[in-house]
Structures are given as C-alpha cells and as structure tokens.
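The values are calculated or read from the model by the stated rules, or taken from the named source; none is laboratory data. Worth saying up front: this structure is predicted, and the values here are computed from it rather than measured. Note that each Cβ is placed from the backbone with ideal geometry, even for glycine, and that neighbours are counted across all protein chains shown.
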C-alpha cells in the first residue's frame with residue numbers, strides 16, 4: 001500500500017520568494033523544500049564553502065605541495081564506482097596540471113575487494129610510490145595504511161564514508177565525517193572532497209610562489225566531473241552540492257566538458273547542451289558504473305582522462321555495451337529474486353530482507369537490492385558468491401533505518417558473523433562466510449524489525465499537490481528541468497485526478513495514456529505498469545519533455561497510478 005501526502009507549503013515563504021522575483025510555481029516548490037530566501041538559490045562559485053573549512057584540507061595541501069616540490073611519485077588509489085572514478089580523474093587531471101608525477105590504481109572488485117586493502121597496497125608497492133592518495137575510500141583501511149607504512153609509503157586519505165571507532169594512522173585524513181570536522185556539508189561526495197583538496201593545494205602552492213613563472217590552472221574545468229560523481233553517488237543535494245552540480249551542468253550546456261563526457265552523451269544519444277541532473281544520474285552514471293560492475297573501472301577512468309575524442313568515443317561505446325549487458329543480467333536476477341521471495345513466503349511480517357543465489361553476479365547485487373527495495377519498501381541485502389567461500393552483499397535501505405548502524409548492531413550481537421562491513425545510511429556493503437548467510441538473514445530481519453516503526457513500513461509518496469492547468473506546457477517543463485533536483489532535494493512530483501481518454505500498452509510493459517483535466521489534454525506514460533486504469537485515474541506524475549522525430553511536446557511521466 002502507498003500513502004500519498006502533500007508537502008506542506010508555507011504560504012508566507014511562498015509570498016516572500018515571489019516578491020524576490022521567483023516564478024510563482026518555483027516559489028511554491030522551493031518553499032516546500034525548506035528554501036526561505038532566493039539567495040539560497042545563488043549557485044555561483046563564490047558561494048561555495050571555502051576549502052579552509054574542511055578539516056585537514058590545508059594539511060593535505062602542504063603534504064602534496066611538499067611532494068610536488070620534491071618531485072615525489074604520487075599514486076591515486078580509487079574506487080570502482082562513478083564517484084570513485086570521477087574522483088580519480090579529478091585528482092589525476094588537477095595534479096598533472098600542477099606538474100606532479102602521478103598515476104592511478106584501481107582495485108579489481110572481484111579479486112582485491114574494496115578500498116585500501118593490504119593486497120592493493122602490495123600491488124601499489126610494485127610501482128614504488130612515495131605517497132598513496134585514496135579517493136572515495138580509505139577511512140576504514142587500518143590494515144592497508146599499516147601495510148603502506150611497512151613498505152615505507154606515506155598515505156593521504158580523502159573519503160566521505162562514515163568512520164569506525166578507530167581511524168587508520170595515515171599521514172593525513174580529509175573526511176567531513178571524521179570526528180572533530182565541522183565542515184557544514186557532511187554529505188559531500190568523494191569527488192567533492194578530492195576537488196576541495198585540489199583547491200586547497202592550489203592555494204598552498206600560490207602562497208609558496210609556485211605560479212610566479214608558470215600559469216595557474218583553472219580547476220573550474222573539472223566541475224563537469226565533480227557534478228557527475230556527486231549526482232551518481234546519490235548523496236544529499238544540500239546547497240553546497242547543488243552549487244557543484246549547477247556549475248558542472250552550466251559548463252556541459254556551454255560545451256565546456258571533458259571529451260569522455262562528450263562521448264558518453266553521444267553513446268547514449270543525448271545532447272550535452274540540454275544536460276540535466278537526471279542525465280547525470282540515469283544516463284551517464286550507469287554507463288560509467290557498468291565498467292566497475294562487469295569489467296574493470298580502469299576503462300571508465302581512461303574515458304574520463306583521455307583528451308582524444310576518437311579514443312573517448314570508442315571507450316564510451318564499450319561502456320554503453322557493458323551497460324546493456326548489465327541491464328540484461330539485472331533483469332534475470334530480479335526475476336529470480338522475486339521467485340525466491342515467493343518461495344520464502346516473504347510478506348509484510350519481514351521488516352528486513354536478505355537474499356542470496358550462487359548464480360548472481362557480484363557487480364550487480366547493489367542494483368538488485370535497490371530494485372527489490374523499491375518494489376517491497378523494505379531494507380534489502382542481496383548477496384553473490386565471492387572467493388574463498390565468502391559471499392558479498394550490497395544493501396539498500398528505506399527512510400527510518402540507518403543501514404550501517406543496523407550492521408553495526410548485527411556485529412555487536414554476533415561478533416563472529418561479519419567479516420567486514422561499511423557504508424552509509426541508505427546503502428552499505430557486507431561480507432560473510434557462505435555458511436553464515438541464514439544467521440545473517442534472521443538477525444538482520446530481527447534488527448530491522450526493532451529499528452523500524454510500523455509506519456516506516458508503509459511507502460509514503462510525497463507530492464507537490466496539483467499542477468495548475470496553465471502549467472501543462474513545454475515552457476514550464478523546460479523551467480523545471482533546468483533547475484537542480486536530486487537526493488534530499490527531490491524533483492517536483494504532482495498529484496491530480498484525470499479523465500482517461502485513450503490508453504494503449506507498448507512493448508507489453510509500458511502504458512501510454514491520453515489524459516484530460518478540464519480543458520487541458522496531455523499525453524502520459526507509465527513504464528513497467530502493473531494495472532490499467534478505468535475512465536478516471538488519480539495520478540502522481542512529473543512534468544517532462546518528450547522528443548520524437550525532432551519535435552518536443554510536454555508529457556507526464558507517471559510514478560504512481562490509482
């Protein structure tokens with residue numbers, strides 16, 4: 001069952017925003033999302049939080065500046081998702097602009113696992129680096145940092161994941177979520193943290209007179225990468241993150257983007273001049289992630305680093321093919337998972353769900369968990385076999401359950417159960433010995449049942465109420481599309497009652513409708529529909545643009561239909 005609620009609209013704030021020159025519809029939407037002053041929508045770079053506010057960013061800058069001046073060998077160790085790939089590319093491009101001797105290394109998720117493990121450090125040591133820089137990982141790598149010290153390698157950790165009780169003994173740690181850091185934007189992505197460290201490094205080198213005889217690089221050229229990694233990692237879009245995303249999209253629309261991103265847009269059949277946050281999250285991000293899920297994320301990073309358009313397009317086409325393959329694998333796994341749930345009699349009594357199949361693909365279990373979570377509105381872990389008798393799970397949660405905290409509670413109650421775990425409130429990973437899956441499944445269900453209130457188990461759809469009849473237009477769809485929406489700052493979702501004038505089913509799974517509201521008639525589509533409506537329908541929808549044969553028309557994207 002889905003409970004529909006309208007976001008509260010503080011009318012006085014709406015009036016104030018209108019008086020400040022905001023469009024009436026935008027004033028209503030922003031007021032219901034907590035914006036009280038038009039100045040909060042100023043996304044210019046000068047409004048960014050300063051790098052000096054990020055704890056140890058200046059220390060990291062000194063460490064890196066010393067290394068550059070000493071001509072030391074630097075090695076970036078990234079992660080195999082889109083945030084890690086873009087963070088690696090930001091670090092590589094920025095450090096190369098500064099003349100550093102730098103290379104990168106990415107762990108193979110199927111052999112070396114996640115983060116700065118002792119095994120990846122041993123591989124890194126073969127390149128004899130003087131300093132290892134982690135991006136989007138490292139905050140839990142106590143053993144990896146110790147191994148680096150044994151090799152005589154210094155470590156700089158840049159990360160945004162939640163730390164455990166004990167921090168690694170690195171030379172420097174930059175993470176807004178580490179104890180004592182008062183940086184206001186706790187939800188900045190890994191690529192954002194690396195971008196901030198590079199800004200601090202440039203300021204440090206400027207203070208040392210480094211640019212007296214050489215040009216100072218403009219790191220704004222990296223903002224397309226920062227925007228992509230930020231949106232793709234589904235971090236909350238607070239104001240600081242919205243500035244980063246807005247500036248990145250602005251550059252994309254102006255044609256100022258890396259050849260790799262130009263190629264990814266082209267491979268997906270999209271126009272970067274019309275780039276939106278939705279494109280980053282649902283078009284570019286999945287194609288880049290496909291490399292880390294099914295092959296080697298080095299391919300993805302090479303796409304972001306090459307300045308050769310032909311090479312970039314060749315890689316982007318490979319990534320597009322991998323993404324198609326990922327979708328096919330995921331579809332088959334989802335069917336198996338739903339059958340598995342039926343056999344387990346999974347129903348509303350199970351507050352937390354864990355699934356395992358020895359035929360599932362390790363690189364796709366995160367997406368599978370997300371799909372099942374969306375379908376059942378339950379926190380879900382999906383596991384696939386790893387090496388050495390281990391199984392690796394990826395989890396996705398619902399509001400009301402902090403997934404990493406839930407795993408922490410599982411670990412406290414069964415100290416021998418989890419081999420390792422980590423993550424965020426809404427997404428986490430865990431590794432178990434295969435024979436312990438049933439224990440984990442039962443204990444996770446019990447912990448979820450304790451932590452979730454009964455109301456949490458009912459899906460709640462927050463909408464922005466009805467859309468005024470005069471706003472069903474291409475102009476209004478463009479206005480909404482060009483704003484910055486995302487996690488924690490959701491895109492407008494409207495709710496209204498319509499007459500259904502026409503309906504037909506496309507490809508046996510999509511519902512195409514012609515709807516009428518008063519004098520307004522508009523086309524609508526619901527992907528993967530479950531039931532067809534009668535003469536009338538209550539619909540939750542987004543106002544979007546449909547482009548067909550070069551002609552653009554407004555269209556409703558249906559998210560819920562009764």
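Structure above, values below:
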| quantity | calculated |
| --- | --- |
| Of all residues making up region 187-199, the number that are touching a residue at least 60 places away in the same chain (Cβ under 8 Å) and buried (at least 24 other Cβ atoms within 10 Å of the Cβ) | 9 |
| Output for region 156-174, where each listed residue is in contact with a strand residue (DSSP E or B) (Cβ under 7 Å, 6 or more places away or on another chain) and under 29 Å from residue 403 (Cα atoms) | 156, 157, 158, 159, 161, 167, 168, 170, 172, 173, 174 |
| Yes/no for residue 214 being more than 24 Å from residue 397 (Cα to Cα) and at pLDDT below 95 | yes |
| Checking residue 314 against (1) surrounded by fewer than 18 Cβ atoms within 10 Å (Cβ to Cβ); (2) over 25 Å from residue 456 (Cβ atoms); (3) modelled with pLDDT under 95; (4) not assigned by TED's automatic domain parsing to the domain that holds residue 402, the condition it does not meet | (3) |
| Test: residue 363 is within 22 Å of the chain's Cα centre (by Cα), assigned to a strand (DSSP E or B) and in contact (Cβ under 8 Å) with a residue 12 or more places away in the chain | no |
| Residue 88 under 25 Å from the mean Cα position of the chain (by Cα) and crowded, with 20+ Cβ neighbours inside 10 Å | yes |
| Residue match in region 48-59 (condition: closer than 24 Å to residue 134 by Cα, surrounded by 12 or more Cβ atoms within 10 Å (Cβ to Cβ), over 26 Å from the mean Cα position of the chain (by Cα) and in contact (Cβ under 8 Å) with a residue 60 or more places away in the chain) | yes |
| Of residues in region 403-430 being more than 17 Å from the chain's Cα centre (by Cα) and part of a loop (DSSP other than H, G, I, E, B), the one farthest from residue 117 (Cα to Cα) | 414 |
| Number of the exception - residue 378 against (1) in contact (Cβ under 8 Å) with a residue 24 or more places away in the chain; (2) buried (at least 18 other Cβ atoms within 10 Å of the Cβ); (3) assigned to a helix (DSSP H, G or I) | (3) |
| Out of 64, 41, sole residue that is touching a residue at least 60 places away in the same chain (Cβ under 8 Å) and within 28 Å of the chain's Cα centre (by Cα) | 64 |
| Residue pairs meeting the criteria (Cβ under 6 Å; at least 6 apart or on separate chains; first touching a residue at least 60 places away in the same chain (Cβ under 8 Å), in region 248-262; second not in a helix (DSSP H, G or I)) | 249/275 |
